[in-house]
1. Can you tell me which residues in the range 10-29 are loosely packed, with under 10 Cβ neighbours inside 10 Å and modelled with pLDDT under 70?
2. Closer than 18 Å to residue 183 by Cα and part of a helix (DSSP H, G or I): does that describe residue 86?
3. Would you call residue 217 part of a helix (DSSP H, G or I) and at pLDDT 90 or above?
4. Identify all residues within the range 124-144 that are surrounded by 15 or more Cβ atoms within 10 Å (Cβ to Cβ) and either closer than 17 Å to residue 177 by Cα or modelled with pLDDT under 90 (or both); write none if there are none.
5. Please enumerate the residues belonging to the range 83-108 that are over 17 Å from the mean Cα position of the chain (by Cα) and touching a residue at least 60 places away in the same chain (Cβ under 8 Å).
6. Can you tell me which residue among 70, 56 is in the same structural domain as residue 33 (by TED's automatic domain parsing), loosely packed, with under 15 Cβ neighbours inside 10 Å and in contact with a helix residue (DSSP H, G or I) (Cβ under 6 Å, 6 or more places away or on another chain)?
7. Identify, by number, the condition in (1) touching a helix residue (DSSP H, G or I) at 6+ places or on another chain (Cβ under 9 Å); (2) at pLDDT 85 or above that residue 41 doesn't meet.
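The values are calculated or read from the model by the stated rules, or taken from the named source; none is laboratory data. Just so you know, these numbers come straight off a predicted model, no measurement behind them. Every residue, glycine as well, gets a Cβ built from its backbone with ideal geometry; the counts of neighbours run over all protein chains shown.
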C-alpha cells in the first residue's frame, strides 16, 4: 500500500466505455444457477424440479448473454476474441487445467483430514509442495518456451499431471505421506508447465487495443474453471463412494 502510494502513477482511461448492465446481470445470474445445480444436485437429486429448473434456466440465461454480448457495442466480455484460434485453445486449456488443479487442492485435504485423521497442519504441509512444484516448473518453462513453443509444454505438463493424479487416486490409508508429498509436488510441476505456456499463448496474438478485453475474458474462464474444480471434486468423491457402498 505504501509503495503504491509513493511510486505508482495514477492512470485514468478517458475512452472507457459504458457499464454493460445487461451482460452483468445475465452472466451473474446464469453462472449462479448452473453452479447451484452442479453443487446441490447430489443432495436434492438430479431429477428434482429445483435442480433441473436451475440448470435449464442458467443455460438459457448464458445463451442469451452470448447473444447480447455479440450484438452490443461495448460488451462486458468481447466474445469475438474466441475467433482467434490460439486465444480460444489456450483458454480452453486454462479452463480445464484450473478445474483439475483446484480439484486436487480440494480433495487432498479431505483425504488427509477425514480419511486419515491427520491434523490441519500436517494436511497443509503435505499439500504445500504443489505450490513449490508450480514455482519451480514455471521457471523452467520460461526458458523452454521460446525454443519448444506452447503446444508441447502444455501437452507434456498436462500429461504428466494426469499420470500423477492417477497415482494419487491409488493412495491407501497407510500410504506414506512423503510419497504423497512427492506426487503433489510433481502434480504442481506439471500444472506449472501448462499454466505458464497457456498464459503466454493466450496473449501472443492479441493486439494491444484488445488486451484489456482479452484479459477480462481469460480471467473469467480461469475463475469458472476453479469453481468447477471445487464443485466437481466432491461430486466425484460422492459418486465413487456410492458405487463402493453398492
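1. Passing the criteria: 10, 11, 12, 13, 14, 15, 16.
2. no
3. The answer is no for residue 217.
4. Answer for the range 124-144, where residues must be surrounded by 15 or more Cβ atoms within 10 Å (Cβ to Cβ) and either closer than 17 Å to residue 177 by Cα or modelled with pLDDT under 90 (or both): 126, 127, 129, 130, 132, 133.
5. 84, 86, listed by residue number.
6. 70
7. (2)
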